[in-house]
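S.K.: Starting off with a structure, shown below.
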Amino acid sequence: MAKAPLSPAAWIDAGLAQLTLSGPLALRAEPLSRHLKTSKGSFYWHFKDVPAFQAALLAQWQDRALAQLGDDAMLDGSDTDKMIRFGQSVQNDTAGPALRAWAQADSSVAKAIATVDAARLKHLTGLMIDIGVLNEDFALAAYGTLVGLKQMRNDDGDALVAFAALVDLVMALK
């Protein structure tokens with residue numbers, strides 16, 4: 001029985017996973033094909049070339065990150081719940097650190113990250129304004145905690161624990 005063809009989404013999901021594990025050099029047809037146990041022809045069936053694949057991967061990551069913000073905004077809960085949920089969403093973005101490292105050498109990656117960062121920061125600033133914290137620098141510092149600690153340590157949870165401590169502080173200021 002023939003193996004079902006892979007979709008572009010399957011290639012992109014594999015690319016995000018391999019980027020996280022091995023860095024941007026893994027975002028080529030040969031290593032991805034080996035990882036997916038398929039031919040390079042399948043890759044080139046869906047993508048004109050590696051740069052087209054990388055552009056699709058970035059667009060998909062950005063769309064998913066922005067959609068997550070929208071999904072989170074639609075959920076009910078206390079102010080604390082909303083901020084912690086935001087922190088969890090950022091923490092769950094496992095490709096984030098690898099994308100940030102790649103962005104050091106690729107301006108298109110840096111642009112995608114800047115777009116997502118701006119939207120996330122706007123969302124967090126809005127959450128803080130909702131509880132009366134009007135200094136936007138506090139939201140920037142809290143977001144920087146999530147992003148920075150995730151870059152410093154590759155263990156799940158430390159950034160979220162530190163962010164939760166800042167949320168507790170914000171709630172005490174309320």
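S.K.: Among the residues of the range 60-97, write down those that are at pLDDT below 95, in a helix (DSSP H, G or I) and under 23 Å from residue 25 (Cα atoms).
M.R.: 96, 97, listed by residue number.
S.K.: Going through 112, 119 one at a time, which residue ends up being closer than 19 Å to residue 16 by Cα and not aromatic (Phe, Trp, Tyr)?
M.R.: 112
S.K.: Within the range 68-80, does at least one residue satisfy the condition of being in contact (Cβ under 8 Å) with a residue 12 or more places away in the chain, closer than 19 Å to residue 150 by Cα and out of contact with any His (no Cβ under 7 Å at 6 or more places or on another chain)?
M.R.: Checking the range 68-80: at least one residue is in contact (Cβ under 8 Å) with a residue 12 or more places away in the chain, closer than 19 Å to residue 150 by Cα and out of contact with any His (no Cβ under 7 Å at 6 or more places or on another chain).
The values are calculated or read from the model by the stated rules, or taken from the named source; none is laboratory data. Predicted model only: the values in this text are computed from it and were never measured. With ideal geometry, Cβ positions are generated from the backbone for all residues, glycine too; neighbour counts draw on all protein chains shown.
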